[in-house]
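In what follows, a structure is listed as structure tokens, so that the remarks can point back to it.
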Amino acid sequence: MNNDSTTKILTCIICPNSCRISLTYDPDTQEITSIHGALCKKGKDWVEQELFKPMRTLCSSIRITGGREPLASIRTTKAVSLSSIKELMELIKASSIKAPVEIGQVVLSEPLGLDCDVIITRGVDRL
Amino acid sequence: MEQYDVLIIGAGVIGTSIARELSAYDLKTAVIEKEADVCFGISSRNSGVVHSGIHYAPGSLRALHAVRGNELFEELCSQLTVPYERIGKLTVAFEESQFPTLEKLYTQGVENGVPDLQIIDAKRMQELQPGVGGARALYSPSTGIVGPYELTIALAEHAHAHGVDFIFTEEVVSIKNRSDLYEIQTKKGSQISAKIIIDAAGLYSDSIAHLAGIDSPRIYPCRGEYYVLDKRLEDELQLLIYPVPGNHSSGLGIHLTNTVEGNILIGPSNDYIENKEDLSTTVQILARLREEGHELLPSLTSSDFIRSFAGLRPKLTPPEVGGFGDFIIEDHDRFILLIGIESPGLTASPSIAISIREMIANHIPLALKKDWDPSLTREERFLELPEDRQEQLIAEDPDYGSVVCRCEGITKAEVLQAVDRIMGPVTYIGIKLRCRAMMGRCQGGFCAPRIAEILKTERDITIDEQFYKGIESPMFEGLLREESPHE
Amino acid sequence: MNEKINVSILIIGAGPAGTAAALGAKEAGEDSILIIDRDTRAGGILNQCIHDGFGLMRYKRALSGPEYAQLDIDSCHKKNIPILTDTYVHTIIKGDDHFTIKAIATGRLYSIKAKAVILAMGCRERTAGAISLPGSRPAGIYTAGTAQRLLNMQNTLVGRSCVIVGSGDIGLIMARRMTLEGAKVQAVTELQSYPGGLDRNIRQCLDDFDIPLYLETGIVSVHGNDRVCGITIAPLRSDRTLDMKNSQYITCDTILLSVGLIPENELSRSLDIAIDPITQGPIVTGDLMTSCPGVFACGNVLQVHDIVDLVSEEAKRAGRTAVSFVSGAYADTKELFSIYAGEKIRYCVPQVITPSSTTTLSLRVTEPITDATISITNDATLIKKRRYSFTQPSEMIQIEISVPENLVGSLEVNCE
Ligand SMILES: Cc1cc2nc3c(=O)[nH]c(=O)nc-3n(C[C@H](O)[C@H](O)[C@H](O)COP(=O)(O)OP(=O)(O)OC[C@H]3O[C@@H](n4cnc5c(N)ncnc54)[C@H](O)[C@@H]3O)c2cc1C
Ligand SMILES: Cc1cc2nc3c(=O)[nH]c(=O)nc-3n(C[C@H](O)[C@H](O)[C@H](O)COP(=O)(O)OP(=O)(O)OC[C@H]3O[C@@H](n4cnc5c(N)ncnc54)[C@H](O)[C@@H]3O)c2cc1C
Ligand code: SF4
């Protein structure tokens, strides 16, 4: 087992402060040895996660039928793992909903068993 | 096989001028064009100057047609409701050594019949254009500016209204002389015959002549690149200002040109190239145009450069010779060849059309139509109309109230009229040339999506059938999520 | 139909700036307010910004653009502030004590009299012409925002395989959107040595999808006669010319441009309002009043913002000061002092201030700087000093200052 540690600088994306957080970790044990540069605790938690299991909010559009506009925008209510995004997109592409839809309306509930819902973020009135 | 008296190959300003001239006579005439629309060739890619005729050798066709063409412009443009302004031009000498050249141009101009020429001093120059440099200038008040595509389109529409057929997206690939008839074949396989062929194919008039077995000189394309500037600068330039020829100024000897729309052009450069389709602008030339632009107009900022474009001169003089050749206009046994119609071809077009009509009269007796009306009226731009007229129009058509192109202030009603005026397939360029939507400072960033929507909902042209300049030129990839047709 | 309307405050633009300005004016006690927008729905550019990341400062939540916009639109509705959509303002004429605003809408003309005008028209994108994009002019060249509108609002995909020129935020956001929709984003190119967009967008939009970002890279030529078929790019040498030996051709059917935004000031220019050559927005006082008394500016029409929360804040202030102007509480005899953007500062808004006032300065640095100290001074007197561990041009810095009573010449902002 080697004791080499790796240093990475990640820019925190939680808030617009964009702190440049440098962290040192052991690539084998995935153990973080030091974190510098975060202005707040959220940032520290974020880098740890970003390094090993990045999470993203997915934003996209969903087909609306019979509406004033052909699409409504949507997003996941929580961040989901980056690796699940591709499959979730396929599900969204295949879905369509009847107008009207309102902001906040759940269009997919816990899709693919994920711990989140997909909600409307821009409403569409009926034609 | 459709048979015509006259078939004009090429729907540029030359072809359409001839078409309009002939539309006054009892003739069966058609114009055939390889592109989707009129004016997709050189005629939309030039400076739009109606030259006075001082630069051409006395006795040449260029001198003859430029001076006579210039005389005809005022009436022509008012008949067709085409923007035209006689703003005048200064040809400026910066140092004494250039004075003889000015004198020479003056004498040449007078000999060519150019009206009202004057050599003026620096004081008078300042009155005409405050801040202008130079010691002395030749002032030619008859020089004007015109909207080149507005003109070409109006000529075509007028000709069409008087019975001339227009055939688009058909490229002529073969011409056979059958004693008293020419038989033409297109790339798509259509066949057309005509007693008289007019070769007005611009950059390709040499190849068309070769198809007919006529030994014509070859054309060397020579590229001119331009920048278009924001209308904000409109008031900076009162009239046209050119340095005396002989290339005193460093760089490209390029100049600023006012346009009838208020955008100033910087250019054109001058480079022989190989490919007649290569309308690229280049890093090197654009950089030099910007540099010279800043020198000529110190108040220029980077956001004033709204776009660049290039036009190709159909030159008869090879690169090693340079300079200008004269126009060639010849009748080869009912095949009328027009070749080397570079500048001042736009200026010359109404005059050339008359000469061609005279040539045709040698073969076919011409009878004037009784009901031929020389005018083509057109409503002015909605936002430029007085308020009472706006009220009237908007009551008739509510779409006048919906602005589609914010930069040029073009309304939905005007966009739809432009769409409906297009004779061939609807293209974005066709719409743009007819109503100026997408031509402003945002270059369609704002209105192109709106036009896409209008074409879809008002004219049933789906996203997949929307083209930029022809059917090889799709605007979009397609729909993101499928839409059923019956929604 | 020609409709005549009289209002105290007319707001042009119903984006986040326009709606927040209206709410600011309402809170300050003004009831006669009208917002006009040329689009079919209020919300401005946010309607097409369906990604999340809005409202982190104001609501402590990562909302999408339309959600953020809707909150203020709803507040306007609740407070009975009318919003005329689908209505385009084309002319403003200054009268002695009022402005006449001409607008048109489907089927009608408007003639509106207002005591004060708040400009909130947002911005437009720089085009291929503005950056001298060399090469041919086929179909398939879009600004990123246009492609975004087509994709997110009009259900239209512009291409299958694209290169993004410029690393502004809209371009980065579109790189991710296009990728998620199955298009291939071949590369993002950028002239500068640092990206134009925010770090979080580089990470989430490019790195997540292994999209290469070529810094210090220019465009040699666009190819294609009818539709784009490729683009040649080349790295820049130290003298900023293209290194053609190392140029590369990338096959693509679409080029998206993300090369900056320009405040939309044509209406302002028609009133002869003085424009800052750097921000390309009006020159304003600490109260956000332009050089034309009674005309205020906020949001992207004033300066290009990257964080919408700051737009709303700025606009609220404009709304409040417009009310004090309309109610006559505004002393227009106040002496003005200019603010000078000094060392490593690209610009500073406001450009002029009045003594004994408090105001928020918005500024950007000229290059990425580590351990930056920004100081605001007046004739050797230090007014305020702020430290930043790292800052770059893509991040707007805001500093609140109290302007002293006695000023000697201009204020100066410097960075070291
Ligand atoms: C840079 C530049 C600046 C200029 N500035 C001025 C100026 O300021 N003032 C002035 O008076 N003149 C100016 N000119 C000259 C003027 O633009 C031209 O003389 C004029 O436009 C030529 O018109 P045209 O109809 O002959 O050519 P085009 O407009 O090119 O028309 C020819 C048409 O023929 C079609 N065609 C070709 N081959 C075929 C085929 N096989 N089958 C069917 N159709 C075919 C083409 O598609 C084209 O549409 C300038 C020219 C250039 C290049
Ligand atoms: C792609 C993109 C991504 C962004 N991402 C983020 C982000 O993640 N987080 C964040 O906090 N911020 C982000 N921003 C920044 C923020 O969204 C903008 O700065 C903000 O929306 C600007 O608001 P505005 O009201 O000034 O302009 P706009 O939203 O552009 O509104 C201007 C309005 O004025 C109207 N208008 C203009 N002229 C006229 C006229 N003559 N007549 C009538 N109406 C007119 C327009 O129709 C428009 O609705 C982003 C911006 C963009 C463009
Ligand atoms: S570490 Fe905290 S303060 Fe810094 S960017 Fe992340 S969330 Fe913002």
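The values are calculated or read from the model by the stated rules, or taken from the named source; none is laboratory data. None of these values were measured; they are calculated from a predicted model. Methodologically, a virtual Cβ is constructed for each residue, glycine included, from the backbone with ideal geometry; neighbour enumeration extends over all protein chains shown. Note: areas computed on protein heavy atoms with side chains; ligands, DNA, RNA excluded. Shrake-Rupley method; radii C 1.70, N 1.55, O 1.52, S 1.80 Å.
Answer yes or no: is there a residue in segment C:327-339 that is within 25 Å of the chain's Cα centre (by Cα), under 30 Å from C:ASP169 (Cα atoms) and open to solvent by less than 10 Å² (accessible area, probe 1.4 Å).
no
Anything in segment B:89-127 that is within 24 Å of B:ASP235 (Cα to Cα) and crowded, with 19+ Cβ neighbours inside 10 Å? List them, or say none.
Matches in segment B:89-127: B:LYS89, B:LEU90, B:THR91, B:VAL92, B:ALA93, B:MET125.
Does C:ILE231 count as part of a loop (DSSP other than H, G, I, E, B) and either within 16 Å of ligand 3 (Cβ to nearest atom) or modelled with pLDDT of 95 or more (or both)?
For C:ILE231, the condition - part of a loop (DSSP other than H, G, I, E, B) and either within 16 Å of ligand 3 (Cβ to nearest atom) or modelled with pLDDT of 95 or more (or both) - is not met.
I'd like the full set of residues that are over 14 Å from C:GLY145 (Cβ atoms) and touching a residue at least 40 places away in the same chain (Cβ under 8 Å), limited to segment B:440-458.
Once the filter is applied, which keeps residues that are over 14 Å from C:GLY145 (Cβ atoms) and touching a residue at least 40 places away in the same chain (Cβ under 8 Å), segment B:440-458 yields B:GLY440, B:ARG441, B:ILE451, B:ILE454, B:GLU458.
Which one of these does A:ILE120 not meet: (1) at pLDDT 95 or above; (2) within 11 Å of another protein chain (Cβ to nearest Cβ); (3) open to solvent by 70 Å² or more (accessible area, probe 1.4 Å)?
So A:ILE120 meets the others, but not (3).
Of everything in segment B:356-402, what is closer than 30 Å to B:ILE198 by Cβ and either buried (at least 21 other Cβ atoms within 10 Å of the Cβ) or within 14 Å of chain C (Cβ to nearest Cβ) (or both)? Give them in sequence order.
B:ILE356, B:ILE360
State whether one or more residues within segment B:370-377 are under 16 Å from B:ASP26 (Cα atoms), out of contact with any strand residue (DSSP E or B) (no Cβ under 6 Å at 6 or more places or on another chain) and hydrophobic (A, V, I, L, M, F, W, C).
So far as segment B:370-377 goes, yes, one or more of its residues are under 16 Å from B:ASP26 (Cα atoms), out of contact with any strand residue (DSSP E or B) (no Cβ under 6 Å at 6 or more places or on another chain) and hydrophobic (A, V, I, L, M, F, W, C).
Tell me, which residue of segment A:7-29 that is of a type in the set (S, T, N, Q) and in contact (Cβ under 8 Å) with a residue 12 or more places away in the chain is nearest to ligand 1 (Cβ to nearest atom)?
Here the residue is A:ASN17.
Looking only at segment B:431-468, which residues are of a type in the set (Lys, Arg), away from every other protein chain (no Cβ under 11 Å), under 25 Å from the mean Cα position of the chain (by Cα) and on the phi < 0 side of the Ramachandran plot?
B:LYS432, B:ARG434
Report the residue count in segment A:20-37 for those that are open to solvent by 20 Å² or more (accessible area, probe 1.4 Å) and either within 16 Å of ligand 2 (Cβ to nearest atom) or touching a Leu at 6+ places or on another chain (Cβ under 9 Å) (or both).
Result for segment A:20-37: 10.
Out of all the residues in segment A:69-100, which are under 18 Å from the mean Cα position of the chain (by Cα) and of a type outside the set (A, V, I, L, M)?
A:SER73, A:ARG75, A:THR76, A:THR77, A:LYS78, A:SER81, A:SER83, A:SER84, A:LYS86, A:GLU87, A:GLU90, A:LYS93
Could you tell me which of the residues C:ALA175, C:ALA187, C:ALA139, C:ALA183 is in contact with a helix residue (DSSP H, G or I) (Cβ under 7 Å, 6 or more places away or on another chain) and either of a type outside the set (D, E, K, R) or within 14 Å of chain A (Cβ to nearest Cβ) (or both)?
Answer to the selection: C:ALA175.
Kindly check whether there is at least one residue in segment A:48-64 that is within 11 Å of ligand 3 (Cβ to nearest atom), open to solvent by less than 60 Å² (accessible area, probe 1.4 Å) and within 12 Å of chain C (Cβ to nearest Cβ).
Within segment A:48-64 (the criterion being within 11 Å of ligand 3 (Cβ to nearest atom), open to solvent by less than 60 Å² (accessible area, probe 1.4 Å) and within 12 Å of chain C (Cβ to nearest Cβ)), the answer is yes, since at least one residue qualifies.
For segment A:77-89, indicate whether the set of residues that are within 16 Å of ligand 2 (Cβ to nearest atom), open to solvent by 30 Å² or more (accessible area, probe 1.4 Å), without any contact (Cβ under 8 Å) to a residue 60 or more places away in the chain and not assigned by TED's automatic domain parsing to the domain that holds A:VAL106 is non-empty.
no
Which condition number in (1) in contact (Cβ under 8 Å) with a residue 40 or more places away in the chain; (2) closer than 26 Å to B:PHE166 by Cβ; (3) assigned to a loop (DSSP other than H, G, I, E, B) is the one that B:GLY430 fails?
All conditions are met except number (3).
So, C:LEU336, is that one within 16 Å of ligand 2 (Cβ to nearest atom) and either touching a residue at least 12 places away in the same chain (Cβ under 8 Å) or within 14 Å of chain B (Cβ to nearest Cβ) (or both) or not?
no
Which of the residues that make up segment C:8-33 are of a type outside the set (Ser, Thr, Tyr), surrounded by fewer than 22 Cβ atoms within 10 Å (Cβ to Cβ) and outside any helix (DSSP H, G or I)?
Matches in segment C:8-33: C:ALA28, C:GLY29, C:ASP31.
Identify the single condition in (1) part of a helix (DSSP H, G or I); (2) surrounded by fewer than 24 Cβ atoms within 10 Å (Cβ to Cβ) that B:LYS34 does not satisfy, given that it satisfies every other one.
If we test B:LYS34 against (1) part of a helix (DSSP H, G or I); (2) surrounded by fewer than 24 Cβ atoms within 10 Å (Cβ to Cβ), just (1) comes out false.
Name, by its number, the condition in (1) of a type outside the set (Asp, Glu); (2) touching a residue at least 60 places away in the same chain (Cβ under 8 Å); (3) within 13 Å of chain C (Cβ to nearest Cβ); (4) open to solvent by less than 30 Å² (accessible area, probe 1.4 Å) that does not hold for B:CYS405.
So the condition that B:CYS405 fails would be (2).
In segment B:375-396, which residues are of a type in the set (Ser, Thr, Tyr) and farther than 27 Å from B:GLU21 by Cβ?
Result: no residue meets the conditions.
Could you list, in sequence order, the residues of segment C:134-153 that are in contact (Cβ under 8 Å) with a residue 24 or more places away in the chain and over 16 Å from C:LEU261 (Cα atoms)?
If the condition is that a residue be in contact (Cβ under 8 Å) with a residue 24 or more places away in the chain and over 16 Å from C:LEU261 (Cα atoms), then C:PRO134, C:GLY135, C:SER136, C:ARG137, C:PRO138, C:ALA139, C:GLY140, C:ILE141, C:LEU151, C:ASN152, C:MET153 are the ones that fit.
Pairs, please: C-beta under 6 Å, at least 6 apart or cross-chain, first residue among the small types (Gly, Ala, Ser) and in segment C:38-50, second outside any loop (DSSP other than H, G, I, E, B)?
Listed pairs, sorted by first residue: C:ALA42/C:ILE73; C:ALA42/C:ILE83; C:GLY43/C:ALA69.
Looking at segment C:61-84 only, could you name the residues that are open to solvent by 30 Å² or more (accessible area, probe 1.4 Å) and within 9 Å of chain A (Cβ to nearest Cβ)?
Listed by number, the residues that qualify are C:ALA62, C:GLN70.
B:PHE446 fails exactly one of the following numbered conditions: (1) farther than 23 Å from B:GLU33 by Cβ; (2) open to solvent by 50 Å² or more (accessible area, probe 1.4 Å). What is the number of that condition?
With respect to (1) farther than 23 Å from B:GLU33 by Cβ; (2) open to solvent by 50 Å² or more (accessible area, probe 1.4 Å), B:PHE446 is out only on (2).
From the list A:ILE74, A:ILE14, which one is more than 16 Å from ligand 2 (Cβ to nearest atom), among the β-branched types (Val, Ile, Thr) and surrounded by 15 or more Cβ atoms within 10 Å (Cβ to Cβ)?
The unique qualifying residue is A:ILE74.
Inside segment B:1-31, can you point out the residues that are open to solvent by 20 Å² or more (accessible area, probe 1.4 Å) and either part of a strand (DSSP E or B) or not assigned by TED's automatic domain parsing to the domain that holds B:VAL173 (or both)?
Across segment B:1-31, the qualifying residues are B:GLU2, B:GLN3, B:ASP5, B:TYR25.
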